[in-house]
1. Could you list all residues from the stretch 8-30 that are under 22 Å from Ala216 (Cβ atoms) and free of Cβ contacts under 8 Å to residues at least 24 places away in the same chain?
2. Would you mind finding the one in Leu12, Leu31, Leu44 that is modelled with pLDDT of 70 or more, surrounded by 12 or more Cβ atoms within 10 Å (Cβ to Cβ), under 27 Å from Lys98 (Cβ atoms) and touching a Gly at 6+ places or on another chain (Cβ under 6 Å)?
3. Quickly run through the stretch 170-185 and pick out the residues that are modelled with pLDDT of 95 or more and touching a strand residue (DSSP E or B) at 6+ places or on another chain (Cβ under 7 Å).
4. Could you please find all residues in the stretch 184-211 being loosely packed, with under 13 Cβ neighbours inside 10 Å and either under 16 Å from the mean Cα position of the chain (by Cα) or hydrophobic (A, V, I, L, M, F, W, C) (or both)?
5. Can you tell which of Ser115, Ser76, Ser142 is at pLDDT 65 or above and farther than 18 Å from Tyr208 by Cβ?
6. How many of the residues making up the stretch 162-183 are surrounded by 22 or more Cβ atoms within 10 Å (Cβ to Cβ) and either outside the structural domain of Asp105 (by TED's automatic domain parsing) or more than 22 Å from the chain's Cα centre (by Cα) (or both)?
Amino acid sequence: MRVNCPHCGKQLQINVKVEESIQKLGTGQKLKVKCVHCGNPFGLDKENAHLGDAEKARTVSSAASAGKDVLVPPSSPDITWLKDGVFDDQETVEDIPKALVLLPDIESKAAVITSVGKFGYQVEEAVTAEEAVNKMRFINYSAVFLHSRYESGSIESGLFHRYMRAMDMSRRRYILYVLIGPEFKTLYDLEALTCSANIVVNETEIPYIGTVLKKAIPEYELLFGPIMEEMRVAGK
């Protein structure tokens with residue numbers, strides 16, 4: 001499958017792994033990928049994945065209406081790489097965003113993991129806060145979900161939350177940080193700001209976390225997207 005980057009217009013080859021992730025998306029959900037040419041992220045959904053099939057269907061329908069043979073020949077090969085000398089194996093989109101989910105063994109843990117996965121994230125977990133911090137040092141996560149009871153004691157004293165609060169903003173601004181717990185008021189922006197997070201969710205609303213994310217993530221990207229792009233261009 002090929003798609004064009006909405007930012008730079010370059011054509012990209014989508015590999016099998018990304019295509020499979022797209023097919024698992026729910027209605028209205030998108031998988032975030034990053035253009036290997038300009039470095040800007042953009043969303044892909046099932047509609048993008050079936051553009052080629054839709055185009056062939058329109059051709060077949062038109063031919064059938066005209067009483068012609070509906071046999072559609074294969075498309076001619078793409079040779080846009082001739083000008084730049086860039087082959088398919090160098091322009092393949094492989095950047096599937098990762099999410100780190102840190103929850104204690106509670107009944108609703110599976111619901112959080114399932115909902116996060118439906119938004120196109122590759123979900124990973126960590127048993128201890130030490131393991132989680134170590135993962136953060138070597139892996140670039142696009143989102144982190146932390147339950148306030150993941151560690152013993154208050155969230156303010158927890159190793160992982162202190163690590164996130166101390167993280168340099170050149171990296172922190174690119175991570176969607178979601179706090180979950182019985183003490184939070186869902187989508188209360190002031191509380192999220194006070195806790196150095198992007199979103200807070202009360203654990204009683206975990207069954208609706210998919211809806212919460214569907215509302216909050218686009219708002220987050222709309223607010224911070226242009227700012228982060230300007231900072232990236234400025235090298236900050």
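1. Thr27
2. Details: Leu12 fails: touching a Gly at 6+ places or on another chain (Cβ under 6 Å); Leu44 fails: touching a Gly at 6+ places or on another chain (Cβ under 6 Å).
Answer to the check: Leu31.
3. So in the stretch 170-185, the residues modelled with pLDDT of 95 or more come out as 177-185.
Residues satisfying the conditions are Tyr177, Val178, Leu179, Ile180, Gly181, Pro182, Phe184, Lys185.
4. Those that are loosely packed, with under 13 Cβ neighbours inside 10 Å and either under 16 Å from the mean Cα position of the chain (by Cα) or hydrophobic (A, V, I, L, M, F, W, C) (or both): Leu190, Leu193, Thr211.
5. Details: Ser115 fails: farther than 18 Å from Tyr208 by Cβ; Ser76 fails: at pLDDT 65 or above.
None of the others qualify; the one that does is Ser142.
6. Residues meeting the conditions: 0.
The values are calculated or read from the model by the stated rules, or taken from the named source; none is laboratory data. Given the structure is predicted, the values throughout are model-derived calculations rather than measurements. For neighbour counting, all protein chains shown are included, and Cβ atoms are generated from backbone atoms with ideal geometry for every residue, glycine included.
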